[in-house]
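First up is the structure itself, then whatever we jot down about it.
Computed from the coordinates by the stated procedures, all read-outs in this text should not be read as laboratory data. All figures in this text were calculated on a predicted structure; none of them were measured in a lab. Using ideal geometry, Cβ is built from the backbone for each residue, glycine included, and neighbour counts are taken over all protein chains shown.
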Amino acid sequence: MEAIKLTNINKSFGDGENRFQVLDNINFTAQQGELDIITGPSGSGKSTLLTIMGALRNPDSGTVELNQTKVDQLSSKAKDDFRLNQIGFILQAHDLVPYLTVQQQFTLVDKVRHQGNMTKDELTILMQKLNIDNLTNHFPNELSGGQSQRVTIARGLYTKPQIIFADEPTAALDSKRVTEVCQLLSDLAKKEHRTIIVVTHDDRVNQYADHIYNLVDGKISLIK
Ligand SMILES: Nc1ncnc2c1ncn2[C@@H]1O[C@H](COP(=O)(O)OP(=O)(O)O)[C@@H](O)[C@H]1O
Ligand SMILES: [Mg+2]
């Protein structure tokens with residue numbers, strides 16, 4: 001089953017002489033159960049593409065279908081619900097809430113999404129796999145870059161999303177942690193049939209990918 005289907009996606013920023021086309025008629029599909037990588041130079045539009053794929057941002061033109069739903073045709077409320085229930089984001093900004101402990105980051109998700117999230121035991125197992133189970137009472141400013149990146153990963157997976165979008169999820173991790181995170185994501189794809197798109201220029205992730213795409217000059221091409 002096609003879990004992600006982008007058709008003729010265009011996106012520009014700026015006006016007039018400063019107009020800059022970041023995405024130029026992008027077509028892209030990913031099958032359910034795949035872990036695919038999108039790579040490309042800094043500024044090539046990877047994050048823009050990922051946020052369009054995840055229906056966080058609208059393209060100028062083109063359609064986005066996720067699990068057979070045309071998300072651009074949904075009302076804004078329906079789109080929010082769809083995102084909350086089906087999509088997990090692991091974004092670059094490490095956007096943990098500064099005044100909440102690690103444990104409370106998850107409690108906050110429970111307040112927004114009342115059911116379907118990980119059980120206490122499932123979360124504990126996930127935290128152990130990511131080696132952050134000893135950090136539950138820490139605040140974000142007490143975490144290293146790598147620790148906060150792994151908490152961000154755990155939070156993205158907490159709602160048990162069918163589709164996962166991750167933006168440079170391993171940038172702050174040493175090689176041992178990269179292996180753990182990639183194995184975790186790979187297992188979610190292969191054993192639980194989740195669909196995972198990872199934007200990265202971390203070569204250490206390549207071996208886990210079903211497909212690798214390169215985004216350059218607004219165009220995307222398959223390189224593996
Ligand atoms: N909200 C925005 N307004 C204007 N320009 C933007 C905006 N977001 C991204 N850009 C520009 O679009 C280009 C692609 O950005 P981005 O998607 O972040 O690239 P990447 O993730 O590959 O580094 C960059 O030149 C960036 O400056
Ligand atoms: Mg980026």
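The table below gives the values:
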| item | result |
| --- | --- |
| Odd one out for residue 121, checked against (1) farther than 17 Å from residue 36 by Cα; (2) surrounded by fewer than 18 Cβ atoms within 10 Å (Cβ to Cβ); (3) in contact with an Asp or Glu (Cβ under 9 Å, 6 or more places away or on another chain) | (3) |
| Considering residues of the range 82-105 that are buried (at least 17 other Cβ atoms within 10 Å of the Cβ) and β-branched (Val, Ile, Thr) only, the residue farthest from residue 137 (Cα to Cα) | 87 |
| Residues that are in a loop (DSSP other than H, G, I, E, B) and under 20 Å from residue 166 (Cβ atoms), drawn from the range 74-115 | 91, 92, 93, 94, 95, 96, 97, 113 |
| Which listed residue is buried (at least 19 other Cβ atoms within 10 Å of the Cβ) and touching a Lys or Arg at 6+ places or on another chain (Cβ under 8 Å), from 157, 135, 130, 185 | 130 |
| Residue ranges of strands (runs of 3 or more DSSP E) in the range 1-65 with at least 2 members surrounded by fewer than 19 Cβ atoms within 10 Å (Cβ to Cβ) | 2-13, 20-31 |
| Of all residues in the range 160-182 being away from ligand 1 (no atom under 16 Å from the Cβ) and polar (S, T, N, Q), the one that is surrounded by the fewest Cβ atoms within 10 Å (Cβ to Cβ) | 175 |
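Yes/no matrix, rows are residues, columns are (1) touching a residue at least 12 places away in the same chain (Cβ under 8 Å); (2) more than 15 Å from the chain's Cα centre (by Cα); (3) within 28 Å of residue 203 (Cβ to Cβ):
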{"position": "15", "(1), (2), (3)": "no, yes, no"}
{"position": "24", "(1), (2), (3)": "yes, yes, yes"}
{"position": "35", "(1), (2), (3)": "yes, no, yes"}
{"position": "44", "(1), (2), (3)": "yes, yes, yes"}
{"position": "56", "(1), (2), (3)": "yes, no, yes"}
{"position": "61", "(1), (2), (3)": "yes, yes, no"}
{"position": "64", "(1), (2), (3)": "yes, yes, no"}
{"position": "68", "(1), (2), (3)": "yes, yes, no"}
